[in-house]
Amino acid sequence: MPLVLVGTLLLIAHLADFGPFGSWPWWAIAAPFAGAVAWWSFADNSGWTQRRVMDKMERKKADRREKAMDALGLTSGRERHATRSKKDAARGSSSPGASPDASADPTRRDPRS
């Protein structure tokens, strides 16, 4: 898109005979348009464009799922892990991935009981 914008500005300046652009040859004015066509051709043929679209859809899906979980009052696994890590750090746990010991935190209940 920037190449198209530059090409359009050069074309307008050339047609208006503005500054040195009025004396430039036509191939120099058309070069940004040719570059844009070459870039779009490469991006489409290499699959780069499709990958960007798929990544964008995945981000939207993840955001939508997280928003739905928040609306239901459920936290995502990432938030639970962050909360657990903060509690472990506050307790002074030596390993961040260690499961908390029931004797270390008397307010914590076993969910199976």
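Read-outs: derived from the displayed coordinates by stated rules, not from any lab. Since we're looking at a predicted model, the values are computed, not measured. Note that each Cβ is placed from the backbone with ideal geometry, even for glycine, and that neighbours are counted across all protein chains shown.
Structure values in brief
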{"quantity": "Projected label distance in nm at Met1 and Trp26, using a 7 Å step from Cα toward the beta-carbon", "calculated": "3.0 nm"}
{"quantity": "Two-site FRET efficiency, Lys67 against Ala89, from Cβ-Cβ distance with R₀ of 22 Å, rounded to 0.05", "calculated": "0.20"}
{"quantity": "Net +/- balance of residues flanking Arg52 in space, Cβ distance below 14 Å, scoring K and R +1, D and E -1", "calculated": "+1"}
{"quantity": "Radius of gyration and maximum dimension Dmax of region 2-46, Cα, Å", "calculated": "12.1, 39"}
{"quantity": "Equivalent ellipsoid, region 1-86 (semi-axes from 5 times Cα gyration tensor eigenvalues, Å)", "calculated": "50, 16, 10"}
